[in-house]
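A short worksheet on the structure shown next.
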Amino acid sequence: MMTLITGGSKSGKSRYAEKIPDTFTGKKIYIATMRPYGDEAADAIIRHRKMRSGKGFETVEQYTDIHRISLPADCSILLECMGNLCANEMFTDGAVCDPTEKIITGVIHLKKIASELIIVTNETGSDGISYESGTQKYISVLGEINRQLAAIADNVIECVYGIPVALKGEVLC
C-alpha cells in the first residue's frame, strides 16, 4: 500500500504520516532526505527526530538516489520529504536537472520492497506568485512528481490545519 501525504507548511503532514505505521509490527524505516544545511534545517531535523522518538523507526539518511536503498522486505517505509529529495536531486553540484524519472523509479523500487510506503510531500505552486526561473523550475518539477506519485498511490491525503482529508482512497488513522 502506498500513501501520499501533501499539504502546506506546518499543516500536520509529518505528524499524520508518523501515525500511520503505529500498529505496524514489522520493521519501520524512516528515510530522511533533508540535508543539514544551516540553522533552520538543523532545527527542523531536531524537531522531526523528537517527533518520531520512541515510535520504533530506524532512520536512514538518504539525500539522493533512493533507487539505491537496500531495505528489508515487507517493512514500513516513511519517506520524508519529497520536496527536499527533489531539491537535492535538482541542484546537486550546481547543476539544474529534471530528476522526475529518477525519483519515480526510486519510489517504484521502494514500493516493491515495502508492505507500506508513506511519502510526505509539499503543496507548492498554488500561491500564484511568480518566482525566479530556478525556483519556478523546482515548483514545476515537484508538481509533476507529485502528479505521478498520486497516480500510483492507493491513498492521497491532504492535511489541512492538522486535519487529514482523503483526495484518493481513504484516511488511514
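Just so you know, all these numbers are worked out from the coordinates, no wet-lab data involved. Since the model is a prediction, treat every value here as computed from it, not as a measurement. Backbone-built Cβ (ideal geometry, glycine too); neighbour counts: all protein chains shown.
Here's the picture: charge each Lys and Arg Cβ at +1 and each Asp and Glu Cβ at -1 in region 2-168, and of Tyr138, Val156, Pro21 the one pushed furthest to the positive end of that dipole is Pro21. For chymotrypsin sites (Phe, Trp or Tyr not before Pro), the sites in region 3-37 that DSSP calls loop and that have at most 10 other Cβ atoms within 10 Å are Tyr37.
In sequence order, region 68-78 has phi-based couplings of 9, 6, 10, 10, x, 5, 6, 8, 9, 10, 10 Hz under the Karplus curve 6.51 cos²θ - 1.76 cosθ + 1.60, θ = phi - 60°, and Gly or Pro positions carry x.
Based on DSSP H assignment, which helices of the chain show an axial Cα extent of at least 24 Å together with a mean Kyte-Doolittle hydropathy greater than or equal to 0.5? Within the chain not a single helix satisfies the rule.
The GluC sites (Glu not before Pro) found in region 98-138 that occupy coil by DSSP, while having at most 13 further C-beta atoms within 10 Å, are Glu132.
Under the combined filter of DSSP loop state and at most 12 neighbouring Cβ atoms within 10 Å, region 90-173 retains these chymotrypsin sites (Phe, Trp or Tyr not before Pro): Tyr161. Near the amide H of Tyr30, within less than 5 Å, lie the amide hydrogens of Glu58, Thr59, Val60, Leu78, all on another chain or at least 5 residues away, with H placed in the peptide plane. The count of lysine pairs in the chain that are at least 8 places apart or cross chains, and whose C-alpha atoms lie under 12 Å apart, stands at 4. Considering the values (i) -1.14, -1.35, -1.54; (ii) -0.82, -1.09, -1.57; (iii) -0.89, -1.08, -1.30, which represents log10 I(q)/I(0) by the Debye sum over Cα atoms at q = 0.15, 0.17, 0.20 Å⁻¹ as calculated for the structure under consideration? Only one option fits the structure, namely (ii).
Over the chain, what relative contact order in percent results from Cα pairs under 8 Å that are six or more residues apart? Rounded, it is 35 percent for the chain. If R0 equals 25 Å, the separation of the Cβ atoms of Ser70 and Gln148 corresponds to a calculated FRET efficiency of about 0.60.
So if I place +1 on the C-beta of Lys and Arg and -1 on the C-beta of Asp and Glu, and nothing else carries charge, what would the dipole magnitude of region 1-116 be about its Cα centre? I want it in debye, nearest 20.
For region 1-116, the charge dipole is close to 480 debye.
Just checking the listed ones, Thr64, Thr121, Thr23: in the Gaussian network model of the chain with Cα springs under 10 Å, the one fluctuating most is Thr23.
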